[in-house]
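Asker: Input: one structure, supplied below.
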Amino acid sequence: MTQYSVAVLPGDGIGPEVTAEAERVLRAAGQRFDVSFTMSHVPIGAAGVASAGDPLPEETRAAVRRANAVLLGAVGAPGLEHAPRHLKPETGLLALRALLGVYANLRPVTVLAPLVDRSPLKPDRLEGVDVLIVRELTGGLYYGEPRGRDAAGSRAVNTLVYTVPEIERVARVAFDAARRRRRLVTSVDKANVLEVSQLWRETVTAVGCEYPDVRLEHLYVDYAAMRLVSDPAAFDVLLTENMFGDILSDEAAVLVGSLGLLPSASLGAGAGLFEPIHGSAPDIAGKGVANPIGAIASVAMLLRYGLRLPEAADAVDQAIRAVLDAGARTRDIAEPGAPAIGTREMGERIAGVVLKECGMRNAECGIEGRTSIPHSTFRIPHSPEAP
Ligand code: NAD
């Protein structure tokens, strides 16, 4: 039996709730495909601050360095918004991405037929929507120095900086992905105003010359934001920098009907990081109503890109579709007044479908039989296949 080590960082708010269901489905996939996972659970975000006074404690750093893949819930807690930067939950997440060197964040946005009516957009606009957002993740405004506020607190600064190698490597991820899809890369910038965006555009254009079979177009971010809701089917691979990608991918969630549905994979040279795109959702935390599908679809990406187990990944993706086709809905994607199931039941149903094919029962998908594995680093593919 093949064995892998997965570091599980549930985090804050709904993070632990959705991660528990993602783990349930990962174990189910392991049972079905004869793969064993050793899960180490470690804190991040406000949970890290509470347990070790650090949003990315040393214990967590050590666990992710040992892991073949990292599964994350979400970070963020009300009350810590005004904490010093080194104690903010989000600082832990940024430090984790930097530690893993995961510079390419892949966010697939596919409108599923049974959920077309949950989007505020007209159904004809949603036909054929299948966008892969490739967001640069370890540079730009979120990491640039200098940053901070002056002593009086009346002036603040952040720095937007990118280098050619940083742009080239993420652009190659986008072009490689496009080759396995519909061969169109739309690069998004603000080159009419920002020098950094001009460098971005020049560099992406130069990388594009290495891919004559892939069409490249450039859009300003303001127009891209509009087009994403007015003509979303026009996009194939959308390549952009860190902050624009953060904002546009939340906008893209409107297309699919809920932020709770969207997964992501963050890839670099070592172990990948897999997490839903939503935050800790303090407004619904602890109620058992969060949609775990974004976290479960992140498990599919973990299996596909992190561990190179495409059959297991397909089984998870197919199980999500089957459960939605059968009418299961959490509150965020249910029609107003229609019955909804909770986080756990959604996870159980999806795990149940994953196991059904090999005749196992959901209850058999336990955590017994954990074994340890050598602490090797698993290589992440640099040419991700289309999700
Ligand atoms: P959010 O994504 O947590 O929530 C936005 C809205 O979407 C809320 O109404 C929430 O209830 C809903 N929602 C989110 N996930 C859902 C799910 N799985 N099922 C059903 N509904 C869901 O964004 P926010 O409210 O702007 O931020 C809350 C906290 O999360 C902040 O501290 C923020 O910094 C943090 N955050 C963390 C991440 C991350 O960990 N990657 C991402 C975004 C925001």
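The values are calculated or read from the model by the stated rules, or taken from the named source; none is laboratory data. Note that the structure is predicted; figures quoted are calculated from it, not measured. Glycine also receives a Cβ, built like all others from the backbone with ideal geometry; neighbour counts cover every protein chain displayed.
Asker: If we scan the range 222-230, do we find a residue that is of a type in the set (D, E, K, R) and surrounded by 24 or more Cβ atoms within 10 Å (Cβ to Cβ)?
Answerer: no
Asker: Pull out all pairs, ordered by first then second residue, where Cβ-Cβ is under 7 Å, the residues are six or more apart or on different chains, the first lies in the range 68-81 and is among the polar types (S, T, N, Q), and the second is in a strand (DSSP E or B).
Answerer: 68/4; 68/5; 68/6
Asker: Let me ask you something else. Restricting to the range 230-280, name every residue that is among the β-branched types (Val, Ile, Thr), farther than 27 Å from residue 4 by Cα and within 16 Å of the ligand (Cβ to nearest atom). Give the steps one after another, and end with the answer.
Answerer: Filtering the range 230-280 for residues among the β-branched types (Val, Ile, Thr) gives 237, 240, 247, 254, 256, 277.
Filter again for farther than 27 Å from residue 4 by Cα, leaving 237, 240, 247, 254, 256.
Hits for the range 230-280 are 247, 254, 256.
Asker: Scan (1) within 17 Å of the chain's Cα centre (by Cα); (2) closer than 27 Å to residue 80 by Cβ for the single condition residue 320 breaks and write down its number.
Answerer: Just one mismatch for residue 320, condition (2).
Asker: Does residue 304 satisfy being away from the ligand (no atom under 16 Å from the Cβ), closer than 21 Å to residue 170 by Cα and modelled with pLDDT of 95 or more?
Answerer: yes
Asker: Right, residue 63: surrounded by fewer than 24 Cβ atoms within 10 Å (Cβ to Cβ), away from the ligand (no atom under 13 Å from the Cβ) and touching a residue at least 24 places away in the same chain (Cβ under 8 Å) or not?
Answerer: When the stated conditions are applied, residue 63 passes them.
Asker: Sticking with this structure for a sec: Can you give me the ranges of the helices (runs of 4 or more DSSP H) entirely in the range 52-162 with at least 3 residues that are at pLDDT 95 or above?
Answerer: Correct list: 58-66, 89-100.
Asker: Additional query: Criterion first (of a type in the set (D, E, K, R), assigned to a helix (DSSP H, G or I) and under 21 Å from residue 251 (Cβ atoms)) does residue 176 satisfy it?
Answerer: Numbers: of a type in the set (D, E, K, R): yes; assigned to a helix (DSSP H, G or I): yes; under 21 Å from residue 251 (Cβ atoms): no.
Considered against the rule, which asks whether it is of a type in the set (D, E, K, R), assigned to a helix (DSSP H, G or I) and under 21 Å from residue 251 (Cβ atoms), residue 176 comes out as no.
Asker: Within the range 315-338, identify whether any single residue is surrounded by 20 or more Cβ atoms within 10 Å (Cβ to Cβ) and under 26 Å from residue 138 (Cβ atoms), and answer yes or no.
Answerer: Taking every residue of the range 315-338 in turn, none turns out to be surrounded by 20 or more Cβ atoms within 10 Å (Cβ to Cβ) and under 26 Å from residue 138 (Cβ atoms).
Asker: Does at least one position in the range 41-49 carry a residue that is free of Cβ contacts under 8 Å to residues at least 24 places away in the same chain and closer than 18 Å to residue 14 by Cα? Give the steps one after another, and end with the answer.
Answerer: First, the residues of the range 41-49 that are free of Cβ contacts under 8 Å to residues at least 24 places away in the same chain: none.
No, the range 41-49 has no match at all.
Asker: With 74, 104, 69 as the choices, which residue is under 15 Å from the mean Cα position of the chain (by Cα) and near the ligand (Cβ under 10 Å from one of its atoms)?
Answerer: On the way: 104 fails: near the ligand (Cβ under 10 Å from one of its atoms); 69 fails: near the ligand (Cβ under 10 Å from one of its atoms).
Of 74, 104, 69, the one residue that is under 15 Å from the mean Cα position of the chain (by Cα) and near the ligand (Cβ under 10 Å from one of its atoms) is 74.
Asker: Does the range 233-264 hold any residues that are in contact with a Gly (Cβ under 6 Å, 6 or more places away or on another chain) and either without any contact (Cβ under 8 Å) to a residue 60 or more places away in the chain or surrounded by 22 or more Cβ atoms within 10 Å (Cβ to Cβ) (or both), and which are they?
Answerer: Once the filter is applied, which keeps residues that are in contact with a Gly (Cβ under 6 Å, 6 or more places away or on another chain) and either without any contact (Cβ under 8 Å) to a residue 60 or more places away in the chain or surrounded by 22 or more Cβ atoms within 10 Å (Cβ to Cβ) (or both), the range 233-264 yields 241, 242, 260, 261, 262, 263.
Asker: So which residues in the range 38-58 are away from the ligand (no atom under 16 Å from the Cβ) and surrounded by 24 or more Cβ atoms within 10 Å (Cβ to Cβ), if there are any at all? Before you say what the answer is, go through the steps one by one.
Answerer: We begin by selecting, within the range 38-58, every residue away from the ligand (no atom under 16 Å from the Cβ); these are 38-41, 51-54, 57-58.
Once the filter is applied, which keeps residues that are away from the ligand (no atom under 16 Å from the Cβ) and surrounded by 24 or more Cβ atoms within 10 Å (Cβ to Cβ), the range 38-58 yields nothing.
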